[in-house]
Amino acid sequence: MVDYKCFSCSKTVADTYIKKKVRCPYCGSRLIFKPRTSITKVKAR
Ligand SMILES: [Zn+2]
């Protein structure tokens, strides 16, 4: 399962909702991206 993230309100949107409506259910924004493609790992030093 892939979780998408809204670019506007930065809330996590389930992909099942994306298939129905290609927009954020919270703010209605169409700017939704996959956070998994750009995961930044922070190493604690
Ligand atoms: Zn949103």
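For Ile32, what residues show an amide H to amide H distance below 5 Å, using hydrogens built from the backbone and excluding near sequence neighbours?
Placed amide hydrogens put Phe7 under 5 Å from Ile32.
Would you list Cys9, Cys27 from the most to the least accessible area, probe 1.4 Å?
Details: Cys9 40, Cys27 65 Å².
The ordering from most to least exposed comes out as Cys27, Cys9.
Near the amide H of Val13, under 5 Å away, which other amide H atoms are found, from residues 5 or more places off or on another chain, if H is placed in the peptide plane?
Tyr4, Lys5, Cys6
The values are calculated or read from the model by the stated rules, or taken from the named source; none is laboratory data. Since the model is a prediction, treat every value here as computed from it, not as a measurement. Protein only, heavy atoms only, side chains kept; ligands, DNA and RNA dropped before computing areas. Shrake-Rupley method; radii C 1.70, N 1.55, O 1.52, S 1.80 Å.
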